[in-house]
């Protein structure tokens, strides 16, 4: 049995090979990539951005996002709402005003990430490919990097781990677990709130005393009560339980 991976024509995974790239204010294309772009936002992106701006997630969604039909036929996607000049709303004269909290898509370029979730060895395997846009002059710079160096440099390792959690949820949603209620029914609205409106979900958890309904370590409960990332992970576990009956949480009594 062959274990050779098949990739689209022209796409060759970098593996341990190095590539040259650098983005800086001295390039003539600087900030071009922040304009005329369709940018998907994932749950952790919104969590990071709303905390940077010190606003509630529902306020962030209303001001900076639009809900669209994406690749998943049974669950909507969230995209950044561009400003009147069709630029990222966080672009300023000096560059990105939320740089330390920028979305994963901004961090990843010039790489693209693909994950094989059913490899022969029984574990997920990730691959990285070099991509480019004609206008980007960063590819002509001399800074040489490996994939591992780029991931560390752009602080992508944790972002990727959060992306893995989201991918699992997106796969669950693609199975149409709310087929009986149709689009925008109560369960889909609940799922959307958990994924994208973390402050709204915190209100829901407190109002319904949700944490008391499950057996969890006190340390996890304390984290959920104070940390958005822990709350998001709890929300994902709860959705797996109520939508797919997976034993991710243990109910009391």
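Residues in the stretch 150-163 that are exposed (fewer than 13 other Cβ atoms within 10 Å of the Cβ) and in contact with a strand residue (DSSP E or B) (Cβ under 8 Å, 6 or more places away or on another chain): 153 only. Among the residues in the stretch 96-103, are any more than 17 Å from the chain's Cα centre (by Cα) and farther than 23 Å from residue 154 by Cα? No, every residue in the stretch 96-103 fails to be more than 17 Å from the chain's Cα centre (by Cα) and farther than 23 Å from residue 154 by Cα. What do you reckon, is residue 167 under 17 Å from residue 115 (Cβ atoms), in contact (Cβ under 8 Å) with a residue 40 or more places away in the chain and not assigned by TED's automatic domain parsing to the domain that holds residue 70? So residue 167 passes the test.
The residue list 202, 222 contains one member that is within 23 Å of residue 56 (Cα to Cα), surrounded by fewer than 17 Cβ atoms within 10 Å (Cβ to Cβ) and either touching a residue at least 60 places away in the same chain (Cβ under 8 Å) or not assigned by TED's automatic domain parsing to the domain that holds residue 55 (or both), which is 222. Of all residues in the stretch 228-252 being without any contact (Cβ under 8 Å) to a residue 24 or more places away in the chain and out of contact with any helix residue (DSSP H, G or I) (no Cβ under 9 Å at 6 or more places or on another chain), which is surrounded by the fewest Cβ atoms within 10 Å (Cβ to Cβ)? Taking the candidates together, the pick is 245.
Every residue, every condition in (1) at pLDDT 95 or above; (2) touching a strand residue (DSSP E or B) at 6+ places or on another chain (Cβ under 9 Å); (3) over 27 Å from residue 128 (Cβ atoms), yes or no:
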site	(1), (2), (3)
10	no, no, no
23	no, no, no
31	no, yes, no
37	no, yes, no
44	yes, no, no
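Checked against the criterion of being under 25 Å from residue 126 (Cβ atoms) and modelled with pLDDT of 95 or more, the stretch 48-63 contains one or more residues that satisfy it.
The values are calculated or read from the model by the stated rules, or taken from the named source; none is laboratory data. Just so it is clear, the model here is predicted, and its values are computed rather than measured. Glycine also receives a Cβ, built like all others from the backbone with ideal geometry; neighbour counts cover every protein chain displayed.
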